[in-house]
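Readers should treat all values here as calculations from the given coordinates under stated rules, not as data from a laboratory. Here the structure is a predicted model, which is why all the values come from computation and not from measurement. Here the Cβ is made from the backbone with ideal geometry for all residues, glycine too, and neighbour counts use every protein chain on show.
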Amino acid sequence: MALRGTAVRRREDGPLLRGTSTFVADISLLNAAQVYYLTSTVAHADIISINVDDAKNAPGVIDVVTHADLDIGPYPAANPIFDEAMVRPLLANGRVRFVGEPVVAIIAESSALAQDAAELVDIRYEPLDAIVDPEAALDSNIILFDDTAEGNVVCRMEAEGLHADFETCDVVTEVRTVNNRLAPAPIETRVAAAEWGADGRLHCYNAGQGPHPVRAAIASILGLEKDQVRVVSRDVGGSFGAKARPSPEEALLGWLAKRVDRPVVWVPSRSDDMVGLGHGRGQIQYCRIGGSSEGDITAYHLHVVQEAGAYPAGGAGLPANARAMLTGCYDIASVGFSSVSVVTNTTPTGAYRGAGRPEAAAAIERAVDVFAAAIGVDPTEVRRRNFHRPEVFPLTTKTGSNYDSGEYEASLDAALDASGYSDLRAEQARRRSVGGTRLLGIGLATYVERTAGAGRSEYGGVELLSGGRILARTGSSPYGQGHHTAWAMLISDATGVEFDKVEVVHGDTDEVPQGGITGGSRSVQLAGAALWNASEVLVEQAKKIAAELLEASEADLSLDVETGNFHVIGTPSIGVSWEQLADHLGEQNVGPRLLHAEEVFESEGPTFPFGTHVAVVEVDTETGKVDLERLVACDDAGVILNPLLAAGQVHGGLAQGAAQALLEEFRYDQDGNPLTGNLADYAVISAAELPMFERVVLETPTHINPLGAKGIGESGTVGATPAIQNAVVDALSHLGIRHLDMPMTPEKVWRSIKATEVSLPGS
């Protein structure tokens with residue numbers, strides 16, 4: 001039986017649940033020292049002096065390092081368009097620019113001794129005024145870096161040659177939205193280790209999203225050739241995009257190991273990661289949308305103010321992804337886009353589940369709802385009226401995205417039917433007519449997102465082992481996605497080898513020749529396609545051997561994937577199994593490999609999953625509390641390989657989308673001090689705040705890869721966030737509330753309700 005399309009249980013869960021997996025902290029390095037980074041406690045200050053003498057003499061201390069000791073760096077910029085003057089040092093050099101910036105590295109026999117020594121380091125700061133508000137950074141006389149081209153501006157972007165024409169619009173509406181700053185908070189922090197091996201190479205152990213990009217970054221920073229560095233990333237406890245690049249603290253470990261001539265290990269605390277691991281989102285969006293009074297949208301412009309944080313990292317470039325997905329599902333005659341990214345005295349921003357695509361969806365879906373309210377038309381009908389039609393695919397959008405396939409109206413209809421939309425509207429009207437304190441809100445978002453948008457190639461290799469087993473090597477390293485299960489399914493379907501006889505190897509640059517990051521929902525459509533194609537090549541190689549054993553023509557042979565036997569067409573009772581092939585090749589002593597095939601799959605472009613999410617909320621007018629009662633998600637990610645894995649990905653995405661809409665926000669005071677720097681203050685969502693999700697699955701294949709698959713890992717965050725935001729605003733709309741920024745906390749909702757009461761005539 002073919003495994004594709006069936007809910008095969010995750011084979012990797014056993015070791016994870018039993019605690020037998022190998023995370024970085026589980027690796028035992030002989031005579032390893034511990035590294036502790038002393039970080040800045042002020043957001044913006046000149047460093048007057050650093051005295052480390054007492055710390056160097058503290059018990060168990062091996063060495064203490066400041067920027068003055070370094071002969072490497074700086075930390076490379078994530079994008080060549082960023083202002084070169086805004087370079088980040090590996091350790092603070094003369095000035096600190098955010099709370100949590102590493103200033104001193106302490107190497108000691110234990111982490112406790114290193115932290116004790118940190119108390120003895122005397123750093124004298126001269127505080128400077130801080131900038132926290134990204135819009136204030138645009139016009140501030142406080143300039144965070146010298147010799148910049150445009151003050152605090154990292155870069156500007158626009159959609160060249162495009163202009164949104166509002167002159168002919170009957171109705172034009174505007175809304176300013178805040179896409180709130182988020183902390184990724186993966187369950188495993190940035191644990192990392194480094195040692196110089198007997199082979200003269202640097203061996204790095206990393207909890208990141210792919211060992212090969214990490215190797216390239218570390219080699220570049222340390223001035224080494226890539227083959228001088230080995231990176232191992234076995235089991236990784238989550239990332240959500242934040243570990244795509246090694247942080248400066250991780251990159252420095254190899255240099256520190258060389259300096260003290262010992263392996264070193266760094267285990268940051270949760271608090272270290274909350275302020276040191278890059279944050280997500282952090283956009284202010286100005287949406288302008290116009291069209292006819294009947295509901296035709298003819299013009300749309302989005303301007304983004306992107307907060308880069310203290311040093312430009314991946315987050316500063318995220319508006320490019322928003323630009324690519326500017327118009328979402330809609331056929332809009334004229335569009336425009338502009339953005340500006342600025343530095344502030346806050347944690348640098350980077351990728352976070354969706355990396356710019358949820359931000360684009362949040363903007364357009366909020367704008368469409370505002371437009372629908374202005375013309376008095378149901379938001380479902382405005383969307384339906386403006387969708388791209390199925391017959392126009394593939395198509396190229398105004399901003400150059402090549403949409404592969406789409407059935408947008410079908411996803412809308414499926415979600416509306418599953419939610420009982422008309423009944424919900426009737427219930428909402430009933431409640432409003434009788435009054436009461438429990439308001440019902442219905443919100444939706446119809447989205448399209450881009451997957452495998454960057455790094456459009458991936459490696460896969462398969463090898464026949466003794467006993468008819470297959471070893472698969474993949475360049476895509478999982479950190480919760482279920483690759484061991486998915487790849488074994490594909491290979492089993494292609495070869496007929498039993499699922500349990502397929503072993504998957506990943507996460508080691510010595511064992512896998514190349515690979516990219518696991519991010520951008522790219523794995524199945526790239527790494528899966530590579531392994532599928534490699535498996536087909538392996539089958540053809542095996543046919544030649546089977547033909548010899550059966551004394552038949554290769555052209556007359558067929559592989560029965562149900563039994564895993566090669567046989568002459570028409571005589572299935574006489575065949576050769578993979579095990580027999582392996583035994584034969586072993587007897588022939590063909591070399592270290594019996595049979596092997598490698599494939600680098602090159603995609604012609606990204607794919608564009610889509611869907612519709614419907615959120616139902618209840619808002620308590622007396623407390624402002626929002627209860628998410630239902631969340632219906634119709635997601636189309638092409639052909640689904642494993643429904644169980646897909647459901648897990650969507651479930652996680654929906655939870656994070658709901659969290660952003662209702663709870664999560666990383667906040668600072670006016671001096672740049674974190675106000676939500678731990679999990680007691682930062683409101684990570686729990687099961688208690690979530691309903692049982694209701695899912696509807698559509699499958700519209702893509703032509704971009706042989707599996708017909710699109711990515712699904714980030715779809716939940718793309719659709720759920722604006723759907724819930726729209727639902728809360730919808731619940732309050734009859735009170736005159738037009739918009740609320742995320743997160744829609746009880747206090748924020750309550751204050752908005754009270755403000756309307758004050759403004760009502762006669763109140």
Rough spin-label spacing in nm, given labels placed 7 Å along Cα→Cβ, for N141 and S577: 8.4 nm
Which of G406, N345, V370, positive extreme of dipole for segment 330-439 (C-beta unit charges): N345
Charged-residue dipole, Cβ positions (Lys, Arg, Asp, Glu), the chain about Cα centre, Debye nearest 20: 820 debye
Equivalent ellipsoid dimensions for segment 313-450 as semi-axes, Å, which come from the Cα gyration tensor, largest first: 31, 22, 13
Environment charge of T607, counting only residues whose C-beta is closer than 12 Å and scoring Lys/Arg +1, Asp/Glu -1: 0
For segment 280-335 and segment 107-124, distance of Cα centres in Å: 46 Å
The chain: relative contact order in percent, alpha carbon pairs under 8 Å with at least 6 residues between: 15 percent
Computed magnitude of the charge dipole of segment 606-688 (debye, nearest 20; Cβ of K, R +1, Cβ of D, E -1): 340 debye
Extension gain (nm, one decimal) between E427 and V87, 0.36 nm per residue minus Cα-Cα: 116.8 nm
Residues L698, L277 arranged by fewest to most Cβ contacts within 10 Å: L698, L277
Loop GluC sites (Glu not before Pro), segment 249-312, which have at most 16 other Cβ atoms in a 10 Å radius of their Cβ (DSSP): E294
Stretchable slack from E119 to I72, in nm (0.36 nm times residue separation minus alpha-carbon distance): 14.3 nm
GluC sites (Glu not before Pro) within segment 700-763: DSSP coil, no more than 15 neighbouring Cβ in 10 Å: none
DSSP-loop GluC sites (Glu not before Pro) across segment 621-671, with at most 10 other Cβ within 10 angstrom: E622
Residue-averaged 222 nm ellipticity for the chain, from DSSP H runs of 4+ at -39500 (n - 2.57), nearest 500: -8500 deg cm²/dmol
Nearby lysines by direct alpha-carbon distance to K243 (threshold 29 angstrom, same-chain neighbours under 8 apart not counted): K226, K258, K710
Per-residue ³J(HN,Hα) for segment 528-538, Karplus 6.51 cos²θ - 1.76 cosθ + 1.60, θ = phi - 60°, Hz, x for Gly and Pro: x, 5, 4, 5, 5, 5, 5, 5, 5, 5, 4
Cβ-Cβ FRET estimate between E536 and D508, R0 fixed at 22 Å, reported to 0.05: 0.30
Estimated FRET transfer efficiency when R0 is 25 angstrom, pair T563-D13 (beta carbons, to 0.05): 0.30
Distance from segment 630-695 to segment 389-448 (C-alpha centre basis), Å: 20 Å
Ascending count of other beta-carbon atoms within 10 Å, so fewest first, for W750, W532, W578: W750, W532, W578
Magnitude of the charge dipole, segment 661-744, Cβ model with Lys/Arg +1 and Asp/Glu -1, debye to 20: 340 debye
